[in-house]
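The values are calculated or read from the model by the stated rules, or taken from the named source; none is laboratory data. Values in this document were obtained by computation on a predicted structure and should not be read as measured data. Cβ sites come from the backbone with ideal geometry, for glycine too, and all protein chains shown count toward neighbours. We work out accessible area using only protein heavy atoms, side chains counted, and drop any ligands, DNA or RNA first. Shrake-Rupley method; radii C 1.70, N 1.55, O 1.52, S 1.80 Å.
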Amino acid sequence: MRPRSLAEFVGQRRLLGPRGPIAAMLRRHTLHSLVFWGPPGVGKTTLAHLLAAERGARVLTLSAVDSGVRELRAAAAEGAERRLRGEATVLFVDEIHRFNKTQQDALLPHLEEGNLTLIGATTENPSFALVGALLSRVRIYVLEPLDQKDLAEILERSLQDRERGLGGLSVELPESARSELLLQADGDARRLLNILDLAVQLAPESDGRLKLDTQVLAQAAGQSWRHFDRGGEHFYDEISALHKSLRGSDVDASLYWLARMLDGGADPLYLARRLIRVAVEDVGLADPRALEVALAAREAFQALGSPEGELALAQAAAYLASCPKSNRLYSAWKKVREAIRQQPSHPVPLHLRNAPTKLHKDLDYGRDYQYDHDFPDAIAPAQSYLPQALAAAKEPWYEASERGFEQRMGERLRWIAAHRTAPGD
């Protein structure tokens, strides 16, 4: 069922529609080097071959998994020979993100000379996987997962096509099973067709008809994982969505992304660590209990395991999302670290130093230190606890917000500042 022409290609309307960049390229009868970036089963390989056919170019195919510099040079030599005859050559490299720097550098002169037009396909972010010199010579096109309408069109074609599909068989696909199949495909046309093909082989025959009910489809689909690549692009997109939903105080969205990642096979303890990070970075002192809740959720998961322990993570996520938020401590900590990097190592003021020996005392260590508990409210007046060079010039690093517990902290800090005045003031 692989499309034989661009007219048969389904999806990617943003690129292939009348105003899309690929449509514009084809109208100009040109083909530049490019990389298709997108999830599996959305047409990267198919589109590469169709574009080459539109240009009348020969396609040489390499897989970055098992090809090296020798194969690249052989392809370039063939491209150079064809170029002398006025013919174009497209080098299609699947999984191009797996090429190392040496292999990518080996491509550059042949692209410059025009011996090859490169079309790469990758599921990884090209800006991370490709060297700058190669990125500057290609254009990146992002392919999206197929939507339900696209998948439904591919499914219907497969059921009706008598030459390449299942049109020669009497396949019965009830609406409930059809909906389940589209859901199982999860935006991946290859997965859709594989499940359909296996379901037909497993389906019982009755009166010459093959009935693909939900039970048969479940057998064909097996254990379904969502689009999720541990440590890959989907992983970082979804963890970003989870963190930002927690920060944005959206409980439902936080639970959704947490469940999506668990469903996709993410490490629950990694997610527990992310919840702890949200507690200290985004909730902070607006609710000091948030850290306790996040730590308790990790401990509960370690005690219970999956799936029971996942509820503890969900409980913590809901709590964190509903908390008042403050990043004042997080910001203050960054300012302090930056000040330390930019300043010399100021000595500890003498009055704050420990004086365990007579020599230390003779050198004025600890002299004029005011023991806070000797004063009303345990506040020593006019005593500084920072090096003088910092205390004299700086703005406060930490300023409490007016949210949650931090509002009370702010009131307390302002009260302390008012009481820390010089004697006689």
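Which of the listed residues, SER240, LEU258, LEU313, is farthest toward the dipole's positive end in the stretch 193-348, when Lys, Arg count +1 and Asp, Glu count -1 at the beta-carbon?
SER240
How large is the accessible surface per residue of the stretch 96-135, computed with a 1.4 Å probe and reported in Å² as a whole number? Numbers along the way, then the final one.
Working: 1630 Å² over 40 residues.
Here the per-residue accessible area is 41 Å².
Evaluate the distance, in nm, between pseudo-label points positioned 7 Å from the Cα of ARG273 and of ALA378 along their respective Cα→Cβ axes.
Those two pseudo-labels are separated by 3.6 nm.
If the cut-off is a Cα-Cα distance under 25 Å, which lysines reach LYS325, setting aside same-chain residues fewer than 8 apart in sequence?
Qualifying lysines at Cα under 25 Å: LYS244, LYS334, LYS335.
Averaging over all projection directions, find the projected area of the Cα convex hull of the chain and quote it in nm² with one decimal place.
Numbers: hull surface 132.9 nm².
Averaging across all directions leaves 33.2 nm² for the Cα convex hull.
Just name one of TYR365, THR89, ALA48: the one whose Cα is farthest towards the positive end of the charge dipole of the chain (beta-carbon charges, Lys/Arg +1, Asp/Glu -1).
About the Cα centre, the residue reaching furthest to the positive side is THR89.
So if R0 is 25 Å, what FRET efficiency would GLN148 and ILE239 give, r being the distance between their Cβ atoms, rounded to the nearest 0.05? It would help to have the intermediate numbers written out before the result.
Values: r = 26 Å, r/R0 = 1.03.
About 0.45, to the nearest 0.05.
Calculate the dipole size of the chain relative to its Cα centre from +1 charges on Lys and Arg beta carbons and -1 charges on Asp and Glu beta carbons; express the result in debye to the nearest 20. Show your work: numbers first, answer last.
Values: 54 positive and 57 negative charges, 284 e Å.
Taking the Cα centre of the chain as origin, the dipole is about 1360 debye.
Using 7 Å Cα-to-Cβ label points, what is the SER345/LYS101 separation (nm, one decimal)?
Computed distance between label sites SER345 and LYS101 equals 3.4 nm.
For the chain, which whole percent of the accessible surface, found with a 1.4 angstrom probe, sits on carbon and sulfur atoms? All intermediate terms of the calculation are to be shown ahead of the outcome.
Numbers: 12160 of 23750 Å².
Result for the chain: 51 percent of the exposed heavy-atom area is carbon or sulfur.
Could you state how much accessible area LEU285 has, in square angstrom rounded to the nearest 10, with a 1.4 Å probe and all protein chains kept in place?
LEU285 exposes around 50 Å² with every protein chain in place.
What do you get when you divide the Cα radius of gyration of the stretch 12-70 by 2.2 N^0.38 Å, with N the number of residues? All intermediate terms of the calculation are to be shown ahead of the outcome.
Working: Rg = 12.9 Å, N = 59, 2.2 N^0.38 = 10.4 Å.
Normalised by 2.2 N^0.38 Å, the Cα Rg of the stretch 12-70 equals 1.25.
Name the residues whose placed amide hydrogens come within less than 5 Å of the amide hydrogen of ILE140, ignoring near sequence neighbours (fewer than 5 apart) on the same chain.
The list, which skips near neighbours in sequence, is VAL35.
Going by accessible area, probe 1.4 Å, with all protein chains left in place, what is the ranking of LYS211, LYS358, largest first? Mind showing how you got there, number by number?
Details: LYS211 95, LYS358 145 Å².
Accessible-area ranking of LYS211, LYS358, largest first: LYS358, LYS211.
Given a Förster radius of 45 Å and the C-beta distance between ARG19 and VAL336 as r, what FRET efficiency does 1/(1 + (r/R0)^6) yield to the nearest 0.05?
Working: r = 51 Å, r/R0 = 1.14.
So, using R0 = 45 Å, E works out to roughly 0.30.
Do you know the relative contact order of the chain, to the nearest whole percent, from alpha carbon pairs under 8 angstrom that are 6+ apart? Don't skip to the answer; put the middle values down first.
Numbers: 582 pairs, mean separation 44.8, N = 425.
Answer for the chain is 11 percent.
Arrange the residues TRP415, TRP397 by how much accessible surface each exposes, largest first, with a 1.4 angstrom probe.
On the way: TRP415 85, TRP397 60 Å².
Correct descending sequence by accessible area is TRP415, TRP397.
Keeping every protein chain present and rolling a 1.4 Å probe, give me the accessible area per residue for the stretch 345-425 in Å². Please report the intermediate quantities before stating the final value.
Working: 5990 Å² over 81 residues.
Value for the stretch 345-425: 74 Å² per residue.
Given the Cα-Cα distance of GLU163 and ARG2 and 0.36 nm per residue of separation, how much length would full extension add, in nm?
56.7 nm
What share of the DSSP beta bridges in the chain is antiparallel, in percent to the nearest 5?
Numbers: 2 of 23 bridges.
Restricted to the chain, the bridges split so that about 10 percent are antiparallel.
Tell me which residues come under 5 Å, amide H to amide H, from ILE119 once H is placed; ignore anything under 5 positions away on its chain.
Residues meeting the criterion, in which the H sits 1.01 Å from N, are LEU34, LEU91, PHE92, VAL93.
Using a Förster distance of 45 Å, how high is the FRET efficiency between LEU183 and TRP397, based on the Cβ-Cβ distance and rounded to 0.05? List each step's numbers first, then the result.
Details: r = 51 Å, r/R0 = 1.14.
Efficiency, rounded to the nearest 0.05: 0.30.
Identify the residues of the stretch 288-329 with backbone N under 20 Å of a label point that sits 7 angstrom from the Cα of ALA417 along the Cα-to-Cβ direction, or state none.
Residues 326-329 qualify, since their backbone N sits under 20 Å from the label point.
Just the accessible area per residue of the stretch 152-217, please: how many Å² with a 1.4 Å probe?
On the way: 3610 Å² over 66 residues.
Normalised by residue count, the accessible surface of the stretch 152-217 is 55 Å².
At what distance in nm do the modelled label points of ARG27 and ALA80 sit from each other, each positioned 7 Å from its Cα along Cα→Cβ?
Calculated label separation equals 3.8 nm.
Note down the accessible area of SER322, probe 1.4 Å, to the nearest 10 Å².
80 Å²
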